[in-house]
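What follows is a single structure, written as structure tokens, with notes after it.
The values are calculated or read from the model by the stated rules, or taken from the named source; none is laboratory data. Because the structure is predicted, anything quoted here is derived from the model rather than measured. Counting neighbours? That spans all protein chains shown, and the Cβs are built from the backbone with ideal geometry, glycine included.
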Amino acid sequence: MLNPDIEKIELSKEEYERYSRHLILPEVGVEGQKKLKAASILCVGTGGLGAPLTMYLAAAGVGRIGLVDFDVVDASNLQRQIIHGTSWIGKPKIDSAEHRLKDINPYVEIVRYPVRLSSENALEIFKDYDIIIDGTDNFPTRYLVNDACVLLDKPNVYGSIFRFDGQATVFHYEDGPCYRCLYPEPPPPGLVPSCSEGGVLGILPGIIGVIQATEAVKIILGAGRTLKGRLLLYDALNMSFRELKLRKNPECPVCGTHPTVTSLIDYEEFCGIPQAKAEEEAAKATMGEITATELKQLLDQKADVVVIDVRNPDEFATTRIPGTTLVPLPTIEQGEGIEKIRSLVNGSDLVVHCRSGMRSAKALGILQTAGITGKNLKGGIHAWADEVDPSMPKV
Amino acid sequence: MTVKVLIPGPLRRYTANLESLELEGSSISEILADLTGRYGDLKKHLYNEDGKLRNFVNVYVNDEDIRDLNQQETSVQASDVISIVPSIAGGSSCA
Ligand SMILES: [Zn+2]
């Protein structure tokens, strides 16, 4: 609880010793340390942002830390999700995180929620916590976390990352603005590349996550000036921090003067995910598919087939199917790629591939409207690695 | 009049990787018109089908959101710095 009755909270001898560097800090002291012990924080996601921030919160002695995560540890997570170690690959992240946090500080209580956060469970999970930290990686969950925080009147400590850029702020704290005041709507699916397509500097979530942890601790202590009403922008490449003013929108549908969102909604729908999936399925149904094994046979037979890789140049430079030509999806979207493919195909059969089959389906849809038909490599280059070339790393 | 416009990381692939541009105009709408005139692919990222500025791309004059000023008709001076700040969602598994 925030602002607890300090008299009722005890610190043991071991706790005094453990937190001694806090206790001699006037802004924390015994009183602040007791506030930390009485406080509860829920972290949604134990990935890039959740990993460093929960480690620091546990170390700082936040009494109860809730973790929401249903994912398992993957080797590709370890470049940035430092709470998880190599020996935990393939095991639930929540188990790995709990193990690490208890090792850092056995005096904190870890509460596990091994579920996908949804409109059905969010209010029930959030209601027992003082502060919610958004460490998620997708728009539907971010709007869900925001709305649940506004409806329950809890501060939402926000952080988000992309490649070398990060954003952080505190939403819905002391009558401050919320996420919807900043961004009333999410981008349509596919317009913004995901981390798996766009990449992310492994250290970046460390910086942003630790800023989130700092803000949460300041809220508990009631010390300093939080990021409420300020959007902090971090650019790792230029090593620059900037801040922008963030104001409450009186017409905000959830925190404004006449809210229209008064209960949790369907956030997948809000973010256009079902529509995008349906369009994708419809597009897939009209275009042919080819398996990696079938493509290998065609190539071995020296069949008259042109194989186009629509991933980004950086991905192409890392791994590629032999004999393929790179035409990145953005160039196809811009038109020049279409003409390049038209001249390459010139009567041959066409196969298009990407990492796992999504971007190539999109490319084929565009090519189809330009009068060029081809087949999609089912499962992309990952399927090629699985079925044809097990020595190829799946990146 | 030329004004400095900062291009965020996620949009730099549409501006030949340039992180800041000197653009012509005395209002936000003129400056954005100059921007999309030079880099046409940015248009669909900044505007919806009706030609309205998208709700997940914010534009700031110095540290003020143009929604708190005079929207796209906000006038600018040569000493102002314009920022474009799109919504990003990354943070967790990104698997
Ligand atoms: Zn709001």
I need every pair where a residue in the stretch A:142-164 that is in contact (Cβ under 8 Å) with a residue 40 or more places away in the chain and more than 11 Å from chain B (Cβ to nearest Cβ) has its Cβ under 6 Å from the Cβ of a residue that is aromatic (F, W, Y) and surrounded by fewer than 23 Cβ atoms within 10 Å (Cβ to Cβ), sequence separation at least 6 or different chains. A:A148/A:F126; A:P155/A:Y173
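Report, by residue number, each residue of the stretch A:258-275 that is within 10 Å of the ligand (Cβ to nearest atom) and β-branched (V, I, T).
The initial filter retains those residues of the stretch A:258-275 that are within 10 Å of the ligand (Cβ to nearest atom), namely A:259, A:261.
Across the stretch A:258-275, the qualifying residue is only A:V261.
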Those helices (runs of 4 or more DSSP H) completely within the stretch A:123-208 that have 1 or more residues that are under 22 Å from B:Y60 (Cβ atoms) and either more than 13 Å from the chain's Cα centre (by Cα) or assigned by TED's automatic domain parsing to the domain that holds A:T46 (or both) are A:139-152, A:179-182
Pairs where the first residue, in the stretch B:7-18, is without any contact (Cβ under 8 Å) to a residue 24 or more places away in the chain and the second is among the basic types (K, R) and not in a helix (DSSP H, G or I), C-beta under 8 Å, 6+ apart: B:G9/A:R163
Please determine whether any residue of the stretch A:78-93 is in contact (Cβ under 8 Å) with a residue 60 or more places away in the chain, assigned by TED's automatic domain parsing to the domain that holds A:L233 and part of a strand (DSSP E or B). no
Search the stretch A:239-257 for residues being loosely packed, with under 13 Cβ neighbours inside 10 Å and more than 12 Å from the ligand (Cβ to nearest atom), and hand back the single one that is nearest to A:T169 (Cα to Cα). A:S240
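Quick one: how many residues across the stretch A:321-337 are more than 14 Å from chain B (Cβ to nearest Cβ) and buried (at least 18 other Cβ atoms within 10 Å of the Cβ)?
Of all residues in the stretch A:321-337, those more than 14 Å from chain B (Cβ to nearest Cβ) come to A:321-327.
Going one step further and asking which of them are buried (at least 18 other Cβ atoms within 10 Å of the Cβ), we end up with A:321, A:324, A:327.
Final tally of qualifying residues: 3.
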For A:V73, only one of the following conditions fails: (1) in contact with a helix residue (DSSP H, G or I) (Cβ under 6 Å, 6 or more places away or on another chain); (2) without any contact (Cβ under 8 Å) to a residue 60 or more places away in the chain; (3) surrounded by fewer than 24 Cβ atoms within 10 Å (Cβ to Cβ). What is its number? (3)
Counting only residues that are buried (at least 19 other Cβ atoms within 10 Å of the Cβ), away from chain A (no Cβ under 14 Å) and closer than 21 Å to A:D235 by Cα, the stretch B:6-45 contains a total of 1
Is there any pair linking a residue in the stretch A:254-269 that is within 12 Å of A:S119 (Cα to Cα) and away from chain B (no Cβ under 14 Å) to one that is part of a loop (DSSP other than H, G, I, E, B) and more than 10 Å from the ligand (Cβ to nearest atom), with Cβ under 7 Å and at least six apart or on different chains, and which? A:L264/A:S119; A:I265/A:S119; A:D266/A:S119
The listed residue being without any contact (Cβ under 8 Å) to a residue 40 or more places away in the chain and at positive phi, out of B:N58, B:N62: B:N62
Go through the stretch A:150-172 and give me each residue that's away from the ligand (no atom under 12 Å from the Cβ), surrounded by fewer than 22 Cβ atoms within 10 Å (Cβ to Cβ) and under 22 Å from A:D128 (Cα atoms). A:L152, A:D153, A:K154
Is there any pair with a first residue in the stretch A:23-47 that is closer than 21 Å to A:I208 by Cβ and a second that is part of a helix (DSSP H, G or I) and of a type in the set (D, E, K, R) whose Cβ atoms are under 6 Å apart and which are 6 or more apart or on different chains, and what are they? A:T46/A:K93
A:K394 vs. criteria touching a helix residue (DSSP H, G or I) at 6+ places or on another chain (Cβ under 7 Å), surrounded by fewer than 17 Cβ atoms within 10 Å (Cβ to Cβ) and basic (K, R): yes
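Consider A:G66 carefully, then state whether it is part of a loop (DSSP other than H, G, I, E, B) and of a type outside the set (D, E).
On the way: part of a loop (DSSP other than H, G, I, E, B): no; of a type outside the set (D, E): yes.
Criteria not met by A:G66.
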Looking for something surrounded by fewer than 21 Cβ atoms within 10 Å (Cβ to Cβ), under 33 Å from the mean Cα position of the chain (by Cα) and in a helix (DSSP H, G or I) - is there at least one such residue anywhere in the stretch A:39-54? no
Tell me which residues, restricted to the stretch A:228-238, are within 15 Å of the ligand (Cβ to nearest atom) and either in a loop (DSSP other than H, G, I, E, B) or more than 12 Å from every other protein chain (Cβ to nearest Cβ) (or both). A:K228, A:G229
